[in-house]
Amino acid sequence: MALPGDLLIAAGPGEWRAAWLEDGVAVELHVERGDARPAGSIHLGRVVRLAAGLDAALVDIGDERPGFLPVRVGAPDLNEGARVLVQVRREAQRGKGARLSTRIVPRNGQGDPARFAELAACRDPPTQLDPAPGFAAALALRLPGEPQRIIADDPAIVRELHAAFPAADLVHCPRDDWPVDLDAVIEAALAPSLSLARGGSLHIEEGRAAVLIDVDTGTPEAASAERAALAINLAAAAAIARQLRLRQLAGGIIIDFAALDGRRPRERVSQAMEAALAGDPAEPRILGWSRLGHLEIVRPRRLRPLSEAMLDPQSRRKNAITLAFEALRLLAREARARPAANWRLVVAPGVAAALRDPAAAALHALETRLGRRVAVDVASDRDAPPFDIAPV
């Protein structure tokens, strides 16, 4: 069961970045752009294709890709073009559509599923029936519990937050006064490597089939190499458990701990790993040690990984959409400090394309809020930074 937590929300045009805190420490990160249907949301969809070889139907729920609905093909009233009431069980991720179910479970286990059929009767698919569209409502479905306190950097979102979290204490607070540097936590959670407190480092590689984690001891300054390796492995176990939650990593996870010779050191590391995973609401399971000496873990897939929303899968650098929203967020911050100025964005071609499509509504919303148009120019220099903000 998740501990009671606080929620930090940095609201920018078209994007909210949030951190769930337990005991003052960030344990989960969320990026909300309204571009993915959250697990638990209920939709009226339309069957676009029956996949007999997969015993499934592909259902349009408004996502970029049709959702995957396991069914017995040939079931009554199921055919291409049919309306179907579904609930998202797993978000779309890694090039796959959301996993759907026709078994409707209302939020918090309360409410009558039949009422959604009544709502669907007067709607056209695809449409989201629950929750009502909005960043706060979508974020509420992704959190491990009800926040006790919400700290937001933008007073304009307080009303929406109150509707989604009526029991929470809402606080507007500038980011300079936050207990956590959210940008720094996100940057660290996107990095492929991180240093351990006792020396050594972790290297995390997200593949399509599994997540691979390597523990490197470095060159510890201890009298016993075996004792130093065990200490670093124990520290790595706690760090790995935290990174799995922060990065929303799931599926098969394979960990190559360093210099583990003998049964007793392995038992100590697996026990430390089990203890570190105990507070994870996803309830990951340790499968054991492989013949190659790797510790295998499985963590249920429910939410898309943080990297999928923010990084390019090939280069593992921030993708154009992430950079477009960063540019708009920083421009909004500059505009608050200089409200009378006009603004120009000079951006790389990929960022310009993102501002014309997935981030176009966010750019328009920012212009509306500023009461003036933001000029967007494409940088001619290929070595220029991804974006530059300048007053006009």
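The values are calculated or read from the model by the stated rules, or taken from the named source; none is laboratory data. Keep in mind it's a predicted model, so treat the numbers as computed, not measured. Because the Cβ atoms are built from the backbone with ideal geometry, glycine has one as well, and the counts that use them run over all protein chains shown. Ligands, DNA and RNA are stripped out before the accessible areas are found, and what is left, the full protein with its side chains, is counted by its heavy atoms. Shrake-Rupley method; radii C 1.70, N 1.55, O 1.52, S 1.80 Å.
For Pro66, neighbours were defined as the other residues whose beta-carbon sits under 13 Å from its Cβ, and their charges (Lys and Arg +1, Asp and Glu -1) total +2. Between the listed residues Pro349, Ala362, Ser270, the Cα displaced farthest toward the positive end of the dipole of segment 263-392, a dipole computed from Cβ unit charges relative to the Cα centre, is found at Ser270. The relative contact order of segment 11-163, computed from alpha carbon pairs under 8 Å that lie at least 6 residues apart in sequence, is 25 percent. Scaled to the globular estimate 2.2 N^0.38 Å, the Cα spread of segment 241-322, given as radius of gyration, is 1.27. In plain terms, the bigger the Kirkwood radius, the slower the diffusion; for segment 326-383, with that radius from Cα pairs, at 20 °C and 1.002 mPa s, Stokes-Einstein puts D at 182 µm²/s. Entry note, the chain: relative contact order of 15 percent, from Cα contacts under 8 Å with a spacing of 6+ residues. Percent of accessible area on segment 260-392 owned by carbon and sulfur, 1.4 Å probe? Taking all protein chains in place, segment 260-392 shows 49 percent carbon and sulfur surface. Candidate values [x] 21.7; [y] 23.2; [z] 23.9 were compared with Kirkwood radius over Cα pairs in Å computed on the shown model; the agreeing label is [y]. At 24 angstrom or more along the helix axis (alpha-carbon based) and mean Kyte-Doolittle of -0.5 or higher, what helices does the chain contain? Whole DSSP H runs only. Result, helices passing both filters: 225-247, 320-337.
Rolling a 1.4 Å probe over the protein heavy atoms gives segment 296-374 an accessible area of 50 Å² per residue. Ligands, DNA and RNA left out, the accessible area of segment 119-172 computed with a 1.4 Å probe is 53% carbon and sulfur.
Each Lys and Arg contributes +1 and each Asp and Glu -1, all at the Cβ; summed about the Cα centre of the chain, the dipole is approximately 800 debye. Answer with one residue from Ile42, Thr219, Ala229: the one whose Cα lies farthest towards the positive end of the charge dipole of the chain, charges on Cβ with Lys, Arg +1 and Asp, Glu -1. Sorting the options by dipole projection puts first Ile42. For segment 112-256, the Kirkwood hydrodynamic radius from C-alpha pairs, put into Stokes-Einstein at 10 °C and a viscosity of 1.306 mPa s, yields a diffusion coefficient of 82 µm² per second. Here's the picture: charge each Lys and Arg Cβ at +1 and each Asp and Glu Cβ at -1 in the chain, and of Asn108, Leu244, Leu161 the one pushed furthest to the positive end of that dipole is Asn108. When each of the peptides 83-91, 265-273 is scored by the mean number of other C-beta atoms lying within 10 Å of its residues, the order from highest to lowest reads 83-91, 265-273. What separates the Cα centres of segment 340-392 and segment 20-96 is a distance of 33 Å. From most to least packed by mean Cβ count within 10 Å, the peptides 288-297, 210-219 give 210-219, 288-297. Heavy-atom accessible surface of segment 179-253, averaged per residue, reaches 46 Å², computed with a 1.4 Å probe.
If the segment from Leu292 to Ala259 were pulled out straight at 0.36 nm per residue, it would be longer than the present Cα-Cα gap by 10.6 nm. For segment 276-392, relative contact order (Cα pairs under 8 Å, six or more residues apart, normalised by length) works out to 24 percent. Taking the average, over residues, of other Cβ atoms within 10 Å as the packing measure, peptides 177-186, 8-17 rank 8-17, 177-186 from highest down. What's the percent breakdown of Cα-Cα distances in segment 287-392 across 5 Å bins, shortest bin first? Binned Cα distances yield the sequence 2, 11, 18, 18, 14, 10, 6, 4, 5, 5, 3, 2, 1, 0. Each stretch of four or more DSSP H residues adds -39500 (n - 2.57); spread over every residue of the chain, this sum gives -8500 deg cm²/dmol at 222 nm. Other residues lying with their Cβ under 11 Å from the Cβ of Pro358 contribute a combined charge of -2, Lys and Arg counting +1, Asp and Glu -1. Remark: spin-label model distance Ala51-Ala114 equals 3.4 nm, labels positioned 7 Å along the Cα→Cβ axis.
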